[in-house]
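Worksheet: one structure, shown below.
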Amino acid sequence: MTLNLDRGLAVIGLGRMGLPMARGLHAAGADPLCFDIDAEARGAAEADGLRVCTSVAGAFRGGGIVLLSLPNAEIVEATVSEGLSGLGDSPAPIIIDASTSIAEVSRRMAAALDALGGAFLDAPVSGGPAGAVKGTLTFMVGGPAATLEICRPVLEILGKKTLHAGEVGAGNIAKIANNMMVASHFLVARECLALAQSAGLEAGAALDVVNAATGGSTVTQVHFPTWVMTRSFDSGFTMGLMRKDVGLALSLAEEVGLDIPLSRLVADHWTGPEAPADAADFTEMGDPETVLHASRTKKARSA
Ligand code: NAD
């Protein structure tokens, strides 16, 4: 697919998700202006033939549409406010925020952009670095339908599905609900595969059955066969980012006054002392061996 845009394009945040997205836009014929705070990330983009600038303000001034792929809401907010204060005479951009962020922050950013004649969409993604490379991401978009239509050509290059979740902030609400479910599926899947194994059925054989029956989910159908059972643990989504997302789900529940006891229990496992470090791949949490090992240790202690 070729991208014909009547405005400039910039990408800020050239990490596991942002760099392949910038590459995808470039491959589709766009010439995005790219920025990352990290010189090494900028170097990698330059080595790929991407146009790089050395400040957020540069990316905001050069881009009619600015795509953000940043670690968290705080950094999104700081980046947007830095970009807007450095606009000078340039018009305010349309921002597509593909980071997993906070609905309230998205609403604040949208108000700031609106006031300057720009626009803001929260558009967190599902599909991971593999989806970013292949252009098969799912975008969950919050914001005005008219802004989404302007941005749709960009999103269609990068993703297979663009879902308009609702008003600004809705994309992040949907994403947080999605990732809390992913976090839950990981724990129940590893526990049930360990159960099968303990009862004499090899975990891989049990997984094959589940995936042809009613117990399966994307986690058991994609994540387990690709990254858990192969023990490659290299999906490109870190423990640190998943911990951020389960934390966001708990904060959102508190904000709206909803008790979510099961999700709290799941979050305890993801954040507990036994969980892998922030830099580890989040698929390590699916290892059935963790459950078997914990059970053996408990039995040995009580013997
Ligand atoms: P990453 O850590 O690989 O990349 C983030 C990039 O942002 C880094 O290159 C970092 O240097 C840059 N950065 C940090 N602060 C900056 C600043 N102030 N200005 C400019 N650049 C800055 O993270 P990622 O895995 O690419 O994830 C990006 C976002 O996408 C996160 O919000 C994450 O939750 C979300 N996400 C990630 C995945 C995944 O599988 N990796 C999947 C879905 C959603």
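The values are calculated or read from the model by the stated rules, or taken from the named source; none is laboratory data. None of the values given here were measured: they were computed from a predicted structure. Every residue, glycine as well, gets a Cβ built from its backbone with ideal geometry; the counts of neighbours run over all protein chains shown. The protein model used for the area step is the full one, side chains on, heavy atoms only, and it has no ligands, DNA or RNA in it. Shrake-Rupley method; radii C 1.70, N 1.55, O 1.52, S 1.80 Å.
Considering (1) under 23 Å from residue 153 (Cα atoms); (2) at pLDDT 95 or above; (3) open to solvent by less than 60 Å² (accessible area, probe 1.4 Å), say which one residue 26 fails and leave the rest. In the conditions (1) under 23 Å from residue 153 (Cα atoms); (2) at pLDDT 95 or above; (3) open to solvent by less than 60 Å² (accessible area, probe 1.4 Å), residue 26 misses (3) alone.
Counting only residues that are closer than 16 Å to residue 219 by Cβ, in contact with a helix residue (DSSP H, G or I) (Cβ under 6 Å, 6 or more places away or on another chain) and not hydrophobic (A, V, I, L, M, F, W, C), segment 148-199 holds 5 of them.
At least 1 residues that are near the ligand (Cβ under 10 Å from one of its atoms) and without any contact (Cβ under 8 Å) to a residue 24 or more places away in the chain in each: list the helices (runs of 4 or more DSSP H) lying fully within segment 1-101 that qualify. It would help to see each step written out before you state the result.
Values: elements: 18-27, 39-47, 56-62, 73-85.
Helices (runs of 4 or more DSSP H) meeting the threshold: 39-47, 73-85.
Report the residue count in segment 120-152 for those that are part of a helix (DSSP H, G or I), away from the ligand (no atom under 11 Å from the Cβ) and open to solvent by less than 30 Å² (accessible area, probe 1.4 Å). Number satisfying all stated conditions: 3. Among the residues of segment 102-119, those that are open to solvent by 20 Å² or more (accessible area, probe 1.4 Å) and assigned to a loop (DSSP other than H, G, I, E, B) comprise 102, 116, 117.
Table: residues versus (1) touching a Phe, Trp or Tyr at 6+ places or on another chain (Cβ under 8 Å); (2) polar (S, T, N, Q); (3) free of Cβ contacts under 8 Å to residues at least 12 places away in the same chain.
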| site | (1), (2), (3) |
| --- | --- |
| 197 | no, yes, no |
| 209 | no, no, yes |
| 213 | no, no, yes |
| 234 | yes, no, no |
| 242 | yes, no, no |
| 246 | yes, no, no |
| 253 | no, no, yes |
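For segment 153-174, the set of residues classified as touching a residue at least 60 places away in the same chain (Cβ under 8 Å) and either surrounded by 23 or more Cβ atoms within 10 Å (Cβ to Cβ) or under 11 Å from residue 106 (Cβ atoms) (or both) consists of 154, 158, 168, 169, 170, 171, 172, 173, listed by residue number.
Restricting 218, 147 to those that are among the polar types (S, T, N, Q), over 30 Å from residue 93 (Cα atoms) and over 15 Å from the mean Cα position of the chain (by Cα) reduces the list to 218.
Suppose the filter is of a type outside the set (Phe, Trp, Tyr) and closer than 19 Å to residue 281 by Cβ; does residue 221 pass it? Steps first, answer last, please.
Numbers: of a type outside the set (Phe, Trp, Tyr): yes; closer than 19 Å to residue 281 by Cβ: yes.
Against the criterion (of a type outside the set (Phe, Trp, Tyr) and closer than 19 Å to residue 281 by Cβ), residue 221 qualifies.
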